[in-house]
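Undergrad: I am attaching a structure below and will ask some questions about it afterwards.
The values are calculated or read from the model by the stated rules, or taken from the named source; none is laboratory data. From a predicted model like this one, the values you see are computed outputs, not experimental measurements. Note that each Cβ is placed from the backbone with ideal geometry, even for glycine, and that neighbours are counted across all protein chains shown. The protein model used for the area step is the full one, side chains on, heavy atoms only, and it has no ligands, DNA or RNA in it. Shrake-Rupley method; radii C 1.70, N 1.55, O 1.52, S 1.80 Å.
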Amino acid sequence: MKNTITARMTIPNHIFLEQGGLSYLQSQINIISKDLQQEYGYNHIEYLDHKLEDSHMVTADSDHLVFVITFGVE
């Protein structure tokens with residue numbers, strides 16, 4: 001049975017910029033995917049989407065970006 005799960009990631013702005021922006025984000029998404037597979041034993045994990053959280057200014061200070069990452073898992 002396929003389910004959808006989300007992960008929330010907070011990245012300091014300076015690290016995001018210094019480490020290559022979206023390529024850094026993608027590398028972190030890959031790490032989360034591998035960690036989810038190891039911890040929960042999913043047979044299949046598919047990255048679906050990431051979004052900058054709309055309320056990131058409320059949930060984090062102005063020095064951080066907050067992303068919500070969506071995966072399809074089985």
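Undergrad: Please count how many residues of region 2-34 are in a loop (DSSP other than H, G, I, E, B) and either in contact (Cβ under 8 Å) with a residue 24 or more places away in the chain or in contact with a Phe, Trp or Tyr (Cβ under 7 Å, 6 or more places away or on another chain) (or both). Give the derivation first.
TA: At the first step, the residues of region 2-34 found to be in a loop (DSSP other than H, G, I, E, B) are 2, 19-21.
Within this subset, residues satisfying the condition of being either in contact (Cβ under 8 Å) with a residue 24 or more places away in the chain or in contact with a Phe, Trp or Tyr (Cβ under 7 Å, 6 or more places away or on another chain) (or both) are 2.
Counting residues in region 2-34 that are in a loop (DSSP other than H, G, I, E, B) and either in contact (Cβ under 8 Å) with a residue 24 or more places away in the chain or in contact with a Phe, Trp or Tyr (Cβ under 7 Å, 6 or more places away or on another chain) (or both) gives 1.
Undergrad: Show the residue pairs that are 6+ apart or on different chains and have beta-carbon atoms under 6 Å apart, the first residue being within region 61-74 and open to solvent by 10 Å² or more (accessible area, probe 1.4 Å) and at pLDDT 90 or above, the second being of a type in the set (S, T, N, Q) and not in a strand (DSSP E or B).
TA: If the second residue must be of a type in the set (S, T, N, Q) and not in a strand (DSSP E or B), the pairs left are Glu74/Asn43.
Undergrad: Considering only residues that are open to solvent by 50 Å² or more (accessible area, probe 1.4 Å) and in a loop (DSSP other than H, G, I, E, B), look in region 42-54 and name the one that is modelled with the lowest pLDDT. Working first, answer last.
TA: Kept after step one, since they are open to solvent by 50 Å² or more (accessible area, probe 1.4 Å), are these residues of region 42-54: 42-44, 46-52, 54.
From the residues that got through so far, the ones that are in a loop (DSSP other than H, G, I, E, B) too are 42-44, 54.
Details: Tyr42: 93, Asn43: 91, His44: 93, Asp54: 67.
Residue satisfying both the conditions and the ranking: Asp54.
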